[in-house]
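Asker: The structure that follows is given in the form of structure tokens.
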Amino acid sequence: MSSVARVTTITVRSETSFEDAVAAGVARAAETLRHVSGAWVKEQKVEAKDGVITAWSVTLEVSFVLE
């Protein structure tokens, strides 16, 4: 049996860490998309103020298997 997956791009921002942004993104995607099978971190960015990081954001490529 073969399967077909689709990939969608999402961007997530966290005020805690990159890890938190990735976890929140995958969890949120799974609320809307069925059969989420993984994610690839395409891009990472930070926001800073006065030399201090204030937020972390990631762009994720989320894969999900089509029914």
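Asker: Using a 1.4 angstrom probe with every protein chain in place, what is the largest-first accessible-area order of Glu19, Glu61?
Answerer: Details: Glu19 150, Glu61 30 Å².
Greatest to least solvent exposure: Glu19, Glu61.
Asker: Using a 1.4 Å probe, what is the accessible area per residue for the chain, in Å²? The partial results should precede the final answer.
Answerer: Working: 4870 Å² over 67 residues.
I get 73 Å² per residue for this part.
Asker: Also, I was wondering about something else. Using the Cβ atoms and a cut-off under 15 Å, what net charge is assigned to the surroundings of Ser17, where Lys and Arg are +1 and Asp and Glu are -1?
Answerer: Details: positive: Arg13, Lys45; negative: Glu15, Glu19, Asp20, Glu47.
Overall, the nearby charge balance is -2.
Asker: Same structure again: Round to the nearest 10 and give me the degree value, 0 to 90, for the angle of helix 18-32's Cα axis relative to the longest principal axis of the chain.
Answerer: Helix 18-32 sits roughly 40 degrees off the main axis of the chain.
Asker: Another one. Which entry in (i) 4, 19, 26, 19, 13, 8, 5, 3, 1, 1, 0, 0; (ii) 3, 18, 30, 25, 13, 7, 3, 1, 0; (iii) 3, 15, 20, 19, 14, 10, 7, 5, 4, 1, 0 is this structure's computed P(r) over Cα pairs in 5 Å bins from 0, in percent?
Answerer: Recomputing P(r) over Cα pairs in 5 Å bins from 0, in percent here gives the entry labelled (i).
Asker: Quick one: accessible surface of Leu66, probe radius 1.4 Å, all protein chains present, in square angstrom to the nearest 10.
Answerer: Around 80 Å² of this residue is reachable by solvent.
Asker: Please go through the stretch 10-67 and write out the trypsin sites (Lys or Arg not before Pro) that DSSP classes as loop and that have at most 15 other C-beta atoms within 10 Å. Each step should come with its number before you reach the end.
Answerer: Details: sites: Arg13, Arg28, Arg34, Lys42, Lys45, Lys49; in loops: Arg34.
The qualifying sites are Arg34.
Asker: How large a share of the accessible area of the chain, in percent, is made up of carbon and sulfur atoms when the probe is 1.4 Å and the other protein chains stay in place? Mind showing how you got there, number by number?
Answerer: Details: 2490 of 4870 Å².
Carbon-and-sulfur percentage of accessible area, whole number: 51.
Asker: Just going by the charge dipole of the chain, with Lys and Arg at +1 and Asp and Glu at -1 on Cβ, which of Val12, Val22, Leu33 is farthest out on the positive end?
Answerer: Farthest towards the positive pole: Leu33.
Asker: Could I ask something else about it? In debye, nearest 20: dipole of the stretch 1-53 around its Cα centre with unit charges on the Cβ of K, R (+) and D, E (-)? Walk me through the intermediate numbers first.
Answerer: Numbers: 7 positive and 7 negative charges, 65 e Å.
In debye, rounded to 20, the stretch 1-53 gives about 320.
The values are calculated or read from the model by the stated rules, or taken from the named source; none is laboratory data. These figures come from a predicted structure and were not determined experimentally. A quick note on method: Cβ atoms are made from the backbone with ideal geometry, for glycine too, and the neighbour counts reach across all protein chains shown. When the accessible area is computed, the model is the full protein with side chains, heavy atoms only, and any ligands, DNA or RNA have been set aside. Shrake-Rupley method; radii C 1.70, N 1.55, O 1.52, S 1.80 Å.
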